[in-house]
2 protein chains.
Amino acid sequence: MNKQELIARRAKTLGPTYQNFFDEPLHLVRGAGTALWDATGREYLDCYNNVVSVGHCHPHVVEALCNQAATLNTHTRYLHEAIVELGEMLVKKLPGDIDTCIFTCTGSEANDLAVQIARHVSGQQGVIVTESSYHGVSHLTRQLSTDSYPPANRPDWLGVIEPPNLYRGPYRRDDPEAGQKYLELARQELDRLEQRGYKPAAVMIDLVWDSNGPLVAPRDYLHGLCAEVRRRGGLVIADEVQAGYCRSGQNWWASDNYGIEPDILTCGKPMGGGHPLSLMSTRRDIITDYSQQYHYFNTFGGNPVSAAVGKAVIEVIENEALLRNVDLTGTYLEAGLRELEQRHRLIGDVQGCGLFWGLDMVADRESREPLSEQQMRHLGSLIVEQGVITGTSGRYGQVLKLRPPLPFSKADAERALAAIDAALSQFEA
Amino acid sequence: MNKQELIARRAKTLGPTYQNFFDEPLHLVRGAGTALWDATGREYLDCYNNVVSVGHCHPHVVEALCNQAATLNTHTRYLHEAIVELGEMLVKKLPGDIDTCIFTCTGSEANDLAVQIARHVSGQQGVIVTESSYHGVSHLTRQLSTDSYPPANRPDWLGVIEPPNLYRGPYRRDDPEAGQKYLELARQELDRLEQRGYKPAAVMIDLVWDSNGPLVAPRDYLHGLCAEVRRRGGLVIADEVQAGYCRSGQNWWASDNYGIEPDILTCGKPMGGGHPLSLMSTRRDIITDYSQQYHYFNTFGGNPVSAAVGKAVIEVIENEALLRNVDLTGTYLEAGLRELEQRHRLIGDVQGCGLFWGLDMVADRESREPLSEQQMRHLGSLIVEQGVITGTSGRYGQVLKLRPPLPFSKADAERALAAIDAALSQFEA
């Protein structure tokens with residue numbers, strides 16, 4: 001069907017909650033590696049999609065999926081090797097003393113379960129998240145997603161802390177005490193939460209603060225925050241859907257970059273190359289406590305096909321040394337972005353790590369007034385016209401987001417930089 | 001790895017929330033149609049698994065999965081035909097005026113979203129479910145699953161009504177007023193809910209009351225319940241994860257069997273042949289109202305691969321005339337089960353429809369004292385020894401559950417009946 005017909009039939013069948021990216025929605029039909037093709041045969045460089053972490057349609061992942069789907073697909077109430085092998089592969093990589101995996105299908109499910117467990121184990125009901133956070137779409141995780149609903153609707157048990165945004169927040173990069181000052185704000189919010197009658201069950205942290213950035217936090221802030229929540233009887237939940245799985249180029253998990261040891265670590269998007277697979281992982285003492293009262297069974301979670309796919313993704317990361325590629329290409333990409341920052345006054349800040357970078361776009365460098373959502377949508381469309389797909393994030397939707405599949409090459413980085421350069425020149429003209 | 005090693009490594013990596021079926025857990029390695037094979041090469045007849053609704057590893061479904069996974073797998077913020085085509089195929093089948101599909105990954109996600117929407121649209125917070133219900137494992141849907149946690153922990157906004165169990169409930173098959181009497185109980189619970197300050201946002205009904213049965217309800221009860229909830233401003237949510245997708249052999253949806261028109265219909269397990277795919281469907285006026293305030297984006301939900309798989313499953317149901325097969329084989333199976341009931345006094349009742357049957361197992365037909373969970377586990381294991389896989393459900397775990405893949409044949413039914421016959425004789429001996 002042609003594009004206009006597709007748009008009309010889509011609107012008719014799926015309804016108005018479904019949104020499209022870009023002024024002119026993309027109709028994609030094929031993907032391979034870091035490339036995508038639309039229905040007219042035009043090729044695009046993908047600088048946005050992290051779900052296909054090892055590249056679009058990776059043959060090793062597709063083969064594992066097909067072989068297992070043609071052989072057996074049941075669930076975890078029968079024994080099967082694949083889920084055990086996947087769990088063992090992950091436990092070797094997981095930070096600190098985390099040694100137990102529960103497999104779910106989406107990041108929402110993993111985060112929802114994490115909070116259920118933290119509340120049970122701590123015996124406390126409060127949860128701390130960041131301003132403009134995103135942690136999922138279930139009833140509970142939507143409440144934890146302060147970017148998704150009006151502040152007036154926040155539940156009493158929710159504490160909301162300032163993200164450690166060293167460019168745009170109240171304390172900035174030139175302040176050596178910034179970490180301690182952000183920590184002090186968090187302490188005050190924990191106090192307010194307790195005054196409302198809620199001690200914290202957990203703090204849930206996206207360790208790259210995706211919906212604010214990406215951000216790189218002061219180390220002392222993060223260590224102080226974990227200690228403070230634990231002192232009050234709560235657990236530390238690292239939501240590594242965005243930050244983990246080699247995205248940062250330094251370690252498998254952002255927790256290890258910062259040297260923190262979360263009590264619970266969750267992951268989702270990048271684990272299955274598009275297949276719905278996610279993880280709630282924790283220590284044995286925590287899950288043993290929880291299991292005294294609750295069982296957990298997820299029909300599709302960790303089924304033989306999901307587990308085979310999960311294993312294949314890890315194998316590709318290892319076989320193709322993607323962590324190292326992220327580090328090398330990421331360093332190269334960063335240098336190029338900082339060079340663009342010199343030449344384009346619309347770029348207020350460059351922040352990120354590995355293959356996750358954000359350009360905080362400003363109308364004015366002095367006031368740091370963000371570009372409007374409409375301007376950002378226009379900029380994104382100009383970059384797409386250059387054949388490169390990017391995204392946006394940030395509290396005001398003002399951050400141009402680059403978060404490509406992990407096999408992103410130096411040539412890909414050069415192409416992305418050239419496209420952004422050209423689009424910015426067009427935008428400024 | 002051998003079975004004992006697998007059990008040990010599984011326990012070490014996955015922890016104690018993971019349970020196995022049967023005294024001697026099955027280690028399955030291959031499936032095709034209604035057959036499963038374990039690691040020793042032994043073949044079993046599958047009388048339990050509804051997720052693989054069109055049979056294990058159906059070649060048409062596997063082919064659709066592999067072709068799409070090798071071509072493109074992104075998400076719903078780009079245009080793609082498959083999700084639109086799947087939505088259109090479903091809308092043609094969905095009951096009443098339901099015309100809009102939102103795709104999610106699990107039944108929990110679909111039910112969780114359904115209640116979020118019902119609360120928003122009704123402006124009311126109460127929810128009515130059945131005693132011993134199961135609707136999911138997210139924080140919200142677990143609260144709706146009264147079989148999953150102690151009654152003392154039920155939230156104030158939850159109303160819990162008696163399932164219309166005509167064998168084991170307070171009003172029985174010989175009472176022509178049973179439907180109205182169950183309805184009166186529901187009215188009283190709605191009154192109590194309102195007295196606690198909660199008008200109903202919705203009643204959520206599993207139309208086969210799986211975790212109680214399966215049950216077949218009096219038609220007047222169900223119509224009266226829907227009318228009563230609507231009169232108080234609430235919506236009717238049909239959870240058709242268990243009852244729908246041709247399971248009953250009469251219509252695609254159990255809603256149509258009873259002639260009710262739900263405001264929201266959810267489905268999950270049988271939609272993707274094992275692939276995590278689920279559905280929240282509703283009328284345009286409802287989703288339009290909701291979308292005034294909320295967007296909904298589910299990373300994996302309705303992605304090109306999930307949609308291709310969903311389409312393939314429907315195509316198989318149509319091409320192989322599985323609805324008719326369910327009706328024919330189901331009728332044959334029912335006759336055999338009623339014949340077994342004549343000969344085995346342990347069978348207190350035979351209830352169900354299509355290819356979903358429950359044998360309510362009793363120690364004594366007069367008192368209807370249910371077999372214990374341990375006895376049921378033993379009986380299930382005896383049936384497995386006969387090469388047939390069944391399950392259990394019921395408020396006391398006392399129902400032997402038969403819910404095979406839809407291509408179940410008369411020969412399969414004969415084999416299942418013979419195995420149950422033999423196991424019961426052994427059990428009684």
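Brief remarks on what is shown
- Inter-chain shielding of B:285-298 (mean C-beta neighbours from other protein chains, 10 Å cut-off): 4
- Only DSSP H runs of four or more residues enter the estimate; each adds -39500 (n - 2.57), and after division by the residues of the protein assembly as shown the mean residue ellipticity at 222 nm equals -13000 deg cm²/dmol.
- Computed from the C-beta positions of A:Arg230 and B:Ala152, the FRET efficiency with R₀ = 41 Å rounds to 0.90.
- For B:Glu320, the label point sits 7 Å beyond Cα toward Cβ; its separations from the matching points on the remaining copies run 3.5 nm, from shortest to longest.
- Just checking the listed ones, B:Ala82, B:Ala321, B:Ala178: in the Gaussian network model of chain B with Cα springs under 10 Å, the one fluctuating most is B:Ala321.
- Between copies, B:Pro151 shows label-point distances of 4.4 nm, shortest first, with the point placed 7 angstrom from Cα along Cα to C-beta.
- Comparing Cα centroids, region B:1-73 and region A:283-327 end up 17 angstrom apart.
- Pair B:Lys181, B:Glu194: separation of 7 Å Cα→Cβ label points (nm): 2.5 nm
- Here the calculated FRET efficiency for B:Ser409 and A:Arg324, from their Cβ-Cβ distance with R0 = 56 Å, stands at 0.55, rounded to the nearest 0.05.
- Residue list for region A:385-401, given a label point 7 angstrom along the Cα-to-Cβ vector of A:Asp23 and an amide N cut-off under 15 Å: A:385-387
- The simple spin-label model puts a point 7 Å past each Cα toward its Cβ; for B:Glu5 and B:Arg284 those points are separated by 6.1 nm.
- Förster-model FRET efficiency, 41 Å R0, A:Ala422 and A:His60, C-beta, rounded to 0.05: 0.70
- Bridges between two residues of the protein assembly as shown, per DSSP, are antiparallel at a rate of about 65%.
- Computed lengthening from A:Gln375 to A:Arg173, 0.36 nm per intervening residue step minus Cα-Cα distance: 70.1 nm
- Its relative contact order, with pairs defined as Cα atoms under 8 Å and 6+ residues apart, puts chain A at 22 percent.
- Greater than 25 Å apart at Cα, pairs in B:Lys93/B:Lys410; B:Lys311/B:Lys401; B:Lys3/B:Lys269; B:Lys92/B:Lys410; B:Lys181/B:Lys269; A:Lys92/A:Lys311: B:Lys93/B:Lys410; B:Lys311/B:Lys401; B:Lys3/B:Lys269; B:Lys92/B:Lys410; B:Lys181/B:Lys269
- DSSP-defined beta bridges in region B:61-319 - what % are antiparallel, rounded to 5: 40 percent
We did not get these values from a lab; they are worked out from the coordinates using the rules stated. All values reported here derive from a predicted model rather than from experimental measurement. In this analysis, Cβ positions are derived from the backbone assuming ideal geometry, glycine residues included, and neighbour counts consider all displayed protein chains.
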